[in-house]
Ligand SMILES: [Zn+2]
């Protein structure tokens, strides 16, 4: 089942969202986005946890 993530669900004031086939794919896109847009060079583990918690199934 495809997965989706909204940046604001992670607590950011941001309208970005993404989709992927797996949680890992979404996480990868999210870290790319965090690096380019939020200037987060590396996502700290607690942030990754937050992102995983915010990932939703697409119906
Ligand atoms: Zn964002």
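Values in this text are rule-based calculations from the coordinates and carry no lab data. Model, not experiment: these values are computed from the prediction. Glycine also receives a Cβ, built like all others from the backbone with ideal geometry; neighbour counts cover every protein chain displayed.
Values for this structure:
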quantity	calculated
Scan of segment 1-11 for residues that are in contact with a helix residue (DSSP H, G or I) (Cβ under 8 Å, 6 or more places away or on another chain) and within 16 Å of the ligand (Cβ to nearest atom), ordered by number	4, 5, 6, 7, 9, 10, 11
Members of segment 12-41 found to be assigned to a loop (DSSP other than H, G, I, E, B), touching a helix residue (DSSP H, G or I) at 6+ places or on another chain (Cβ under 8 Å) and more than 10 Å from the ligand (Cβ to nearest atom), listed by number	41
Looking only at segment 42-59, and only at residues there that are in contact with a strand residue (DSSP E or B) (Cβ under 8 Å, 6 or more places away or on another chain) and not in a loop (DSSP other than H, G, I, E, B), the one that is farthest from the ligand (Cβ to nearest atom)	57
